[in-house]
Amino acid sequence: MPREKGSGRKYDEAASESVESALHREKLGTLRSGKGGIVTSRKQAIAIGLSEARKAGAQVPIKPQLTRDQGKGDSDEELE
């Protein structure tokens, strides 16, 4: 059974356009991060595009938040 077009979309059409715009600006060298540095990473450009889409009110899943228990490293555990 074929899936309907757009039925399983994770992001809104406006969010896709925002990310596409951010990627284009990154390629041109005009996309800047929060502190004014030029963005050179595609991943960073996508993140900026999704952030701009969130601020504009587009349907974008919320960012996953790390809790204290899910920290970056397991420094509390002893290595055996």
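Restricting attention to the stretch 10-20, which residues are assigned to a helix (DSSP H, G or I) and closer than 15 Å to Lys55 by Cα? Outline the logic, then answer.
Residues of the stretch 10-20 assigned to a helix (DSSP H, G or I): 13-20.
Scanning the stretch 10-20 gives Glu13, Ala14, Ala15, Ser16, Glu17, Ser18, Val19.
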Note on the stretch 1-16: residues surrounded by 13 or more Cβ atoms within 10 Å (Cβ to Cβ) and either hydroxyl-bearing (Ser, Thr, Tyr) or modelled with pLDDT of 90 or more (or both) are Tyr11, Ser16
Need pairs with beta-carbon distance below 7 Å; first residue closer than 17 Å to Arg54 by Cβ and hydroxyl-bearing (Ser, Thr, Tyr) and within the stretch 22-35, second surrounded by 10 or more Cβ atoms within 10 Å (Cβ to Cβ) and at pLDDT below 90; sequence gap 6+ or separate chains. Ser33/Val39
Identity of the residue in the stretch 25-80, touching a Leu at 6+ places or on another chain (Cβ under 7 Å) and assigned to a loop (DSSP other than H, G, I, E, B), that ends up modelled with the highest pLDDT: Val39
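The values are calculated or read from the model by the stated rules, or taken from the named source; none is laboratory data. Worth saying up front: this structure is predicted, and the values here are computed from it rather than measured. No Cβ is skipped: glycine too gets one built from the backbone with ideal geometry, and neighbour counts run over all protein chains shown.
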